[in-house]
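Here is the structure we will look at.
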Amino acid sequence: MKKGIFKLLSFLIVLVVVMASFGGIGTSVRAKEKKSTYVDLIDPKIEMQMKKDLESQAENADKNKTLIKTKEKDGVDDFKGAVIAKKYVDYNKKLADAKDKEAEEFAAQNRKNPKLRAAATADYEYALNYCQLADQIYKHWCAPATVAQTLSFHAYKGTGQAWTYNDVQTAQAWTYNDVQTAQKVIAKEMGYTSKKGSASSFDVKDRLNTRAKGYKFSSTPYITATLREFGTGAADKVRSRLDYVISKRSNAPTLLVHQLYLSQYYGSTSPTAGHFITVTNVGHWGGQYLAVVYDVNQFNKMVKDGEGRRIWWEPIGTGTGQNNTLTKALYTKDSPRNPCFVY
């Protein structure tokens, strides 16, 4: 009898151990399936309050003439975002660090997997599948024009069809006329008129994410991120961020640059300039990394190719960047109150 009980107890112990092992495996699998991303750190309440603060800042700017006088040229506002930057510095940095971590993990996987063709010695190219070049209607409208241009990627994503702006709710692709119509709608939302209006990177992020649900990118909303803290590693950070979102086709990087340092602008460009652009491709060949710039500025008269290109391959550069490189244009313009990355 005692022997039978002993056998039964032994069997039950083994059974419990086996079940625990399977439970552990199941837990491990579930843990892998539920890998956290930067999106898990987004707090809807904080985002809503940030949105209200942006609107409040815009109202104050209209009333406060001293702010109007200190605004940068070309519709870029380096002062309106100061309150947002200070109040939400820890929150925004937490999101940026988390997304950067994802980008670095992606880069590490590429280095281990030659099939992904993104090792430092390999040539490669990642590209978004669509972007409609916009023409900014007024010289200070670069922000609403670039937001519309960036949204054209999300409107097209996965459809391969050209629809009209009236079909905006179906999230289909825009034609040139549609992106121009969208620019006017977005400009009005941002408080622009033919004579005034300016925006910070926080405004650009807000306008993009307002449409996240309609254009089906709620799972990869845009965030802002600074660059200068990486010092000589800035160019590597630019590349890893672009590689990550463009290869996934999750976002169309919308960047704030000092256009003086871009290859398609004259050396006489204003030292107080600022400009928003969209990047659609990133790649490596001929021993350097490059990115495709979509520039809404139809008023730029640079004519290196006889026409004044507004879509071109710009070298990313190295370190903190050199003249005529994307990194230099980003690094020079970047600040906590106006982060150079919206991606």
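The values are calculated or read from the model by the stated rules, or taken from the named source; none is laboratory data. Because the structure is predicted, anything quoted here is derived from the model rather than measured. Here Cβ is always computed from backbone atoms with ideal geometry, including for glycine, and neighbour counts include all displayed protein chains. Keep in mind that these areas ignore ligands, DNA and RNA; they rest on the heavy atoms of the full protein, side chains included. Shrake-Rupley method; radii C 1.70, N 1.55, O 1.52, S 1.80 Å.
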Inset, instruction - Test Ile68 against the criterion of being at pLDDT below 55 and either closer than 22 Å to Arg207 by Cα or not hydroxyl-bearing (Ser, Thr, Tyr) (or both), and give yes or no. - result: yes
Inset, instruction - Can you confirm whether segment 293-306 contains a residue that is outside any strand (DSSP E or B), open to solvent by 10 Å² or more (accessible area, probe 1.4 Å) and either at pLDDT 95 or above or of a type in the set (Lys, Arg) (or both)? - result: yes
Legend entry - Residue in segment 211-232 that is nearest to Gly319 (Cα to Cα), counting only those that are free of Cβ contacts under 8 Å to residues at least 12 places away in the same chain and part of a helix (DSSP H, G or I): Phe230
Legend entry - Tally of residues being surrounded by fewer than 24 Cβ atoms within 10 Å (Cβ to Cβ), modelled with pLDDT of 85 or more and within 17 Å of the chain's Cα centre (by Cα) across segment 111-130: 3
Legend entry - Filter result for the condition that a residue is modelled with pLDDT under 85, in contact with a Ser or Thr (Cβ under 6 Å, 6 or more places away or on another chain) and not β-branched (Val, Ile, Thr), over Lys80, Lys3: Lys80
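Within segment 233-269, can you find the residues that are part of a loop (DSSP other than H, G, I, E, B), among the small types (Gly, Ala, Ser) and open to solvent by less than 30 Å² (accessible area, probe 1.4 Å)? Steps first, please.
Of the residues in segment 233-269, the ones part of a loop (DSSP other than H, G, I, E, B) are 249-253, 258, 262-269.
After this cut, where a residue has to be among the small types (Gly, Ala, Ser) as well, the list is 250, 252, 263, 267-268.
Answer for segment 233-269, where residues must be part of a loop (DSSP other than H, G, I, E, B), among the small types (Gly, Ala, Ser) and open to solvent by less than 30 Å² (accessible area, probe 1.4 Å): Ser250, Ala252, Ser263.
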